[in-house]
Amino acid sequence: IFRALGNIGDVLIKMGDLDEAAKMFQRQLQIARQLRERNLEASACGSLGLVNRLMKKFDKALGFHTQELTLRQEMADILGECRCHQSLGAVHMAIGNFIHALKCYQEQLERSQELKDMSQISNAFGNLGIARLNMGHYEEAIGFLEQQLGTLEQVNTPQVQHDKARSLGHLGDCY
C-alpha cells in the first residue's frame, strides 16, 4: 500500500494535482509511523517536502525535509542525507536564501565525497555553481561548474550527457 500511494502521488504531481498528491504522501506518512518504519517515514517526509515546495509552501517544505534529514542521520543513511541536503538547498534557492542553500549544497558535497559517489559529487558541484551564479559570484560559479564537468567525466549513467549539457549552459550564463 505504501509504495502504491507514493506512485499515485508521483503521477498526481506529473498531472499537476499537487493537493491530491500531498494527500497521498500524508497517508504514506501515517502508515510509516504506524508501522514504525523510519526509512518509509523518511521517504514520505521527502515526498511531502517536494510537493510542498512545488506548492510554494516553503515553511512546510523545510519542515518535512528537516524531519527527513533527522531520520536519515539517525539511520546513518549517507546517500539519503545527500539527497535531503539537496532538497533543503532547493527550497532555500526557491525563496532566494542563497547563503543557506550554499550550506546545504556544501553538506551534500561533503556527504557524497564520504561515499565517493561521483554522480552525487557532480550534482553537488553543479548545485554550488548554480547557487553562486544566482548570487552573481561568476568566477566561483565557473570553478564549481568546471569541477562538475570534470567529475561527470568519471560518471557512466544514461543521464550524464544531459547533465554535461546543463552544466555547459550554466557556464554560458556565467559569461
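The values are calculated or read from the model by the stated rules, or taken from the named source; none is laboratory data. For clarity, every value in this text was computed on a predicted model and none was experimentally measured. Neighbour counts are summed over all protein chains in view; Cβ atoms, including those assigned to glycine, are modelled from backbone coordinates with ideal geometry. Just the protein is used for accessible areas: all its heavy atoms, side chains included, with ligands, DNA and RNA removed. Shrake-Rupley method; radii C 1.70, N 1.55, O 1.52, S 1.80 Å.
Taking the range 11-36 as the range and being in contact (Cβ under 8 Å) with a residue 24 or more places away in the chain and of a type in the set (Asp, Glu) as the test, only ASP19 passes. For the range 140-158, the set of residues classified as more than 27 Å from HIS100 (Cβ to Cβ) and open to solvent by 80 Å² or more (accessible area, probe 1.4 Å) consists of GLU153, GLN154, ASN156, PRO158, listed by residue number.
Taking the conditions exactly as written (without any contact (Cβ under 8 Å) to a residue 12 or more places away in the chain and basic (Lys, Arg)), does ARG72 satisfy them or not? No.
Tell me whether the range 121-139 contains one or more residues that are under 13 Å from the mean Cα position of the chain (by Cα), closer than 16 Å to LEU50 by Cβ, open to solvent by less than 60 Å² (accessible area, probe 1.4 Å) and not polar (S, T, N, Q). No: the range 121-139 contains no residue that is under 13 Å from the mean Cα position of the chain (by Cα), closer than 16 Å to LEU50 by Cβ, open to solvent by less than 60 Å² (accessible area, probe 1.4 Å) and not polar (S, T, N, Q).
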